[in-house]
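Enquirer: Please read through the structure below; I'll follow up with questions.
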Amino acid sequence: MSAPSTPALRRALGKWDLTAIGINQVIGSAIFLLPADVARLVGSWSPLLFLAIGLSSLFVALCFAEVGSRFDTTGGPVRPARVAFGRFTGFEVGWMLWFSRVSSGASVINGLAVALGYYWPTISTGMPRAAVILSVLGVLTWVNVRGIRQSSWLVNAFTLGKLLPLTVFVLVGVFFADLSRVAPSEPAPVANLGTAALLLIFAYGGYEVTGVPAGEAANPKKDVPFAFIATILPVSAVMTLTAAVTAGLLPDVGASKTPVADASALVMGVFGGLLVSVGSAISMTGNNMGQLLSGSRSVFALAEQGDLPAVFGRVHPVYRTPHVAIWFTSIVLVVLALTGSFVFLAAVSAVARLVVYMSACGATLRLRSASMASRVAAAEFVAPGGPIVPIVAIAITSSILVSATTQQLLAGGAALAAGAVLFAIATRGARTAA
């Protein structure tokens, strides 16, 4: 009698589910604050810069779309990096992808406690704060373990829940906005453009996880490319229009600490302020759902390839989810959130994102070469313009490194070094694989 087969992940995600995962990760709490942050740096050029960075992100997304169309496995950029540049590079990409997910998730869940504390002050400190963090993450972890279909339903709901308030704000606010404030009224502040652009590059980040659950998608080689493009285009429109309407409603948007909420209250009264507050809370909760989903799949992918202990690659026999990777990611996220350690890890996000973006852009060119033809499937989607798109994308992502602070570079280097040590321990004595 043959032994029972190992359970596999359930392929239940469609192209719109993947798109919702991408949108959910990009639109977090930042959009509710960024219009003021960017306006303080570049004044009335803010809405145009929102649009420019959104379109620039499309170049990078096209690279993710192309490399994603060659593979049907879990992990997103992990597998292309491994095939194109070797096992160690693939591990470092997966490690930094996971690292950025848990540190970002810890930051966002703390932001949720602070936001709720505006209405119930006791929630933002002490045991009540811990109870909020544990309760929210406990529910999200449970849903993640129960199944990818259930997780997808919840992500879809969160995505609609965060888009609805912003859409209402834009549609109502545009009738009251002074659009003359939206057009640049002064020369571009060249000295601040780099800083503002860097801020927006990170604000638009998160779409890189769109292809991470490809191993649970029904038709990943076709649906992953679609989802990357379908994520960036509406996100760029929503973020640009939100910034433009906010600028048109507030005489001095840069002076506001909560620009979207202030602008919404201006035209819709108490209802407008409440609408944005609820949207912000939904946005942060949904963002954490996505962090947990994508972060756990990064750990699973590394274990599946033999770069982490096999226990992290276990699939639940009933729910067919990577339950060990999910619980591990959730526990680390909780520890970072409760201890506040994420504050010290925030600087890592700059280099972490750079590593992931650069790997996908570089792999786009590498996997096109004739020498790789026998090692990788043909791309179902090819970015237009030959080498132009990946080269421009590399230039865009390189700007992150140029603009990074010394602290960010040191923190990122330390995270890469820690990953190298972990890789050496995890693969000690193992046969080197391509």
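The values are calculated or read from the model by the stated rules, or taken from the named source; none is laboratory data. Since the structure is predicted, the reported quantities are computational estimates derived from the model, not experimental observations. All Cβ positions, even for glycine, are placed from backbone atoms using ideal geometry, and neighbour counts span all protein chains on display. The accessibility values were calculated without ligands, DNA or RNA, using every heavy atom of the protein model including side chains. Shrake-Rupley method; radii C 1.70, N 1.55, O 1.52, S 1.80 Å.
Enquirer: Take the residues in region 385-434 that are assigned to a loop (DSSP other than H, G, I, E, B) and in contact (Cβ under 8 Å) with a residue 24 or more places away in the chain; name whichever of them is farthest from PHE91 (Cα to Cα).
Expert: Across region 385-434, the extreme among qualifying residues is THR405.
Enquirer: Could you check ARG353 against (1) among the charged types (D, E, K, R); (2) crowded, with 19+ Cβ neighbours inside 10 Å; (3) at pLDDT 85 or above and say which number it fails?
Expert: All conditions pass for ARG353, except number (3).
Let's see how each residue does on (1) more than 15 Å from the chain's Cα centre (by Cα); (2) open to solvent by 20 Å² or more (accessible area, probe 1.4 Å); (3) more than 30 Å from ASN219 (Cβ to Cβ); (4) at pLDDT 90 or above:
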| position | (1), (2), (3), (4) |
| --- | --- |
| ALA81 | yes, no, no, yes |
| SER103 | no, no, yes, no |
| THR125 | yes, yes, yes, no |
| SER135 | yes, yes, yes, yes |
| THR141 | yes, no, no, yes |
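Enquirer: Taking region 109-123 as the region of interest, how many residues are open to solvent by 60 Å² or more (accessible area, probe 1.4 Å) and either over 30 Å from THR19 (Cα atoms) or touching a residue at least 12 places away in the same chain (Cβ under 8 Å) (or both)? Walk me through how you get there before you give the answer.
Expert: Kept after step one, since they are open to solvent by 60 Å² or more (accessible area, probe 1.4 Å), are these residues of region 109-123: 114, 118-122.
Right, trim to either over 30 Å from THR19 (Cα atoms) or touching a residue at least 12 places away in the same chain (Cβ under 8 Å) (or both) and you get 118-122.
Residues in region 109-123 being open to solvent by 60 Å² or more (accessible area, probe 1.4 Å) and either over 30 Å from THR19 (Cα atoms) or touching a residue at least 12 places away in the same chain (Cβ under 8 Å) (or both): 5 in total.
Enquirer: Based on this model, can you work out whether ALA378 counts as at pLDDT below 95 and either touching a helix residue (DSSP H, G or I) at 6+ places or on another chain (Cβ under 8 Å) or within 19 Å of ALA203 (Cα to Cα) (or both)?
Expert: For ALA378, the condition - at pLDDT below 95 and either touching a helix residue (DSSP H, G or I) at 6+ places or on another chain (Cβ under 8 Å) or within 19 Å of ALA203 (Cα to Cα) (or both) - is not met.
Per-residue answers, yes or no, for (1) of a type in the set (Gly, Ala, Ser); (2) more than 20 Å from the chain's Cα centre (by Cα):
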residue	(1), (2)
THR339	no, yes
VAL356	no, no
ALA370	yes, yes
GLU380	no, yes
GLN407	no, yes
ALA424	yes, yes
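Enquirer: Can you tell me which residue among GLY43, GLY86, GLY76 is open to solvent by 10 Å² or more (accessible area, probe 1.4 Å) and under 17 Å from the mean Cα position of the chain (by Cα)?
Expert: GLY76
Enquirer: Another question, if that's okay. Only residues that are open to solvent by 40 Å² or more (accessible area, probe 1.4 Å) and out of contact with any helix residue (DSSP H, G or I) (no Cβ under 8 Å at 6 or more places or on another chain): list them for region 143-156, please.
Expert: Matches in region 143-156: ARG146, ARG149, TRP153.
Enquirer: Considering only residues that are touching a Phe, Trp or Tyr at 6+ places or on another chain (Cβ under 8 Å) and surrounded by fewer than 21 Cβ atoms within 10 Å (Cβ to Cβ), look in region 249-267 and name the one that is nearest to PHE202 (Cα to Cα).
Expert: Selected residue: THR258.
Enquirer: Here's a follow-up. Regarding region 365-376, can at least one residue be identified that is within 17 Å of GLY75 (Cβ to Cβ), open to solvent by less than 40 Å² (accessible area, probe 1.4 Å), assigned to a loop (DSSP other than H, G, I, E, B) and not hydroxyl-bearing (Ser, Thr, Tyr)?
Expert: yes
Enquirer: Say we look at region 175-202 and pick out the residues that are in a helix (DSSP H, G or I) and open to solvent by 70 Å² or more (accessible area, probe 1.4 Å); which of these is nearest to ASP252 (Cα to Cα)?
Expert: ARG181
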